[in-house]
Structure formats: C-alpha cells, structure tokens
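Everything on this sheet refers to the single structure shown next.
The values are calculated or read from the model by the stated rules, or taken from the named source; none is laboratory data. These numbers were taken from a predicted model, which means no experiment stands behind them. Please note: Cβ atoms are built from the backbone with ideal geometry, for glycine as well, and neighbour counts cover all protein chains shown.
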Amino acid sequence: MSVLLFTIVVLLGAFLAGLVGSMTGLGGGVIIIPLLTLVLGVDIHYAIGASIISVIATSSGSAAAYVKEGITNIRLGMFLEIATTISAIFGAVITVYINPSYIAIVFGMILLFSAAMMIRKKVDRSDNDTSGKIALWLRLNGTYPVDGSIKKYAVHNVVGGFMMMFVAGIISGLLGIGSGALKVIAMDNIMRIPFRVSTTTSNFMMGVTAAASAVVYFHRGQIDPGIAMPVTIGVLIGSTLGAKILLRTKPDKLKVVFAVVVTFLALQMIYNGMAGRL
C-alpha cells in the first residue's frame, strides 16, 4: 500500500471513528485502534500513540463548548484529574512491558464494557439535596442550565469516585482511549451527579489525561506523525459533524447499531489477541 493510499484510508477511517465516537460519547479511539491494527497492520503501540493525540484534539475542541454553556464542573474535573493524570502516566509506562496480545485482549474487554454502557438506561440524578462532607470542604457542588433555568446538584462519595479515576487513568494510558465509560461511572453512579454534567466533565478531563500519557509515548518515539496527523484531522472533522447530527436526531436507535459494531470489533480484538496476531 502506497503512502498516499494509506493516508487516505486512515483519514476516512478516522472520520468515521470521530463521527461514531461523538454520537455515542465513547470517543474515536474505540474505532481507530481496531482499524489501524486489524485492517492496516499498524503496530498496536503506534496505533495507541496516534489515538492519544486525537483524544487531545477532540476533547479540547468539544470541552470548550460545554464549558461555555456552563454544564461542565471545572472544579470537580480539575480535582479528579489529579488521579487520572498520575495513573495515565503509569499506564503509558507499563504498556511497553506488556505483550501486545494481552493489550489487545484488555482493549477488547473494555470495548465490550463500553458497548454495554452505551445502551444502558441513563438515570438523571439532578434532584440531589444533600452532599458529602469532602465535597462541601472542596466546594465541588455546582449548577447547570436546564430548559432556561439553573439547577443545583450535590456531589457524593468523593473518595470512591477519586479511586475509580485511578482505574480510568491507567486504562487511558495503557490503551490510548479516553476511558469515558469508566469516568462517567465514577461521576454518575458513584458520585451521583447529573448525567449531563458527568459526560461533559468527563470530556473536559479526557484531553488532560491523554496529554499526560502522550508525553511518555512521544519520548519512546511511538507517535508517528504520518499516522497521527490523518487520524487527528479525520477524528476532528467526524466528531464535529457527529455533534451537529446528534442535535437533530434521536440517538437511541443509533446507539444500538453502534453497540453491535463495537461488540464485533471487541470480539475481533480479543480473538486476534488470543491468537497472537497482534
């Protein structure tokens, strides 16, 4: 395959990855890494490096819009980033010592979990009245706009959410994905904040988490500009278009279709990992 053809294929694949990732909230890494490794035969470490760069770009772009709208809890995000950045660096460091086949199997399992999270029923927890002591001390409680009015919400179980962020950071650094599903679990189910706030705050955190692990991949020379550039451009364009489509469509049925696609990719990653083909 020529360099030009490779770049075009990666660009189109990244566009699709960004489109799907934006409409499902999973990020483009869940599609682009299987594309690079299974279809194009790229070494999984270089695929992860390119995915991390795309996560930084897409998170930075979309996070700015959510912050402007007043949905993102910046104070909570910056506090939880302490856990995710430390653990992301750890995850990026240990990946070189792990057999690529094992990384593929773990990636597949995370994809299966993300697919399940995609179609689960979301619970709005915006009617919180009480708050945890640590949340009050750190002033993590906040407000967000709903139908022209401002709603207050409280943050609970800060310690539990903080510990879950360590797991999310390790997975992010190890696999080159945003780990949005794990971060949303930490904030939505453990810390019990409204779903809109948890998803936007998770998006705000992804870029910082990815940037921390990207330093390690860059130092090891595992970020190839020839791969990272078309991946980043394609994911950026796809995620921008996906966000606009999402505003005009009901994503429930689409998410079921995407969940089936992600499940197929997950099984392929697990199978190839167990067969030692990666």
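Side notes on the structure shown:
- Per-region count, the range 197-219, residues over 19 Å from Phe79 (Cβ atoms) and of a type in the set (Val, Ile, Thr): 2
- Within the range 63-78, being farther than 12 Å from Met187 by Cα and hydrophobic (A, V, I, L, M, F, W, C) holds for Ala63, Ala64, Ala65, Val67, Ile71, Ile74, Met78.
- Boolean, Met78 is modelled with pLDDT under 85 and either of a type outside the set (Asp, Glu) or crowded, with 24+ Cβ neighbours inside 10 Å (or both): no
- Selection of the range 175-199 for residues being of a type in the set (Ser, Thr, Tyr) and surrounded by fewer than 24 Cβ atoms within 10 Å (Cβ to Cβ) yields only Thr199.
- The sole residue among Val30, Val55 that is more than 30 Å from Ile134 (Cβ to Cβ) and either among the charged types (D, E, K, R) or buried (at least 18 other Cβ atoms within 10 Å of the Cβ) (or both) is Val30.
- Any hit, the range 237-244, residues being under 13 Å from the mean Cα position of the chain (by Cα) and within 20 Å of Phe15 (Cα to Cα): yes
- Long-range neighbours under 6 Å by Cβ, at least six apart or interchain, first residue surrounded by fewer than 21 Cβ atoms within 10 Å (Cβ to Cβ) within the range 149-161, second part of a helix (DSSP H, G or I): Asn157/Ile190; Gly160/Ile190
Every residue, every condition in (1) touching a strand residue (DSSP E or B) at 6+ places or on another chain (Cβ under 8 Å); (2) at pLDDT below 80; (3) over 24 Å from Leu5 (Cα atoms), yes or no:
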residue	(1), (2), (3)
Ser202	no, no, yes
Ser213	no, no, yes
Phe218	no, no, yes
Gly226	no, no, no
Gly234	no, no, no
Gly238	no, no, no
Ala259	no, yes, yes
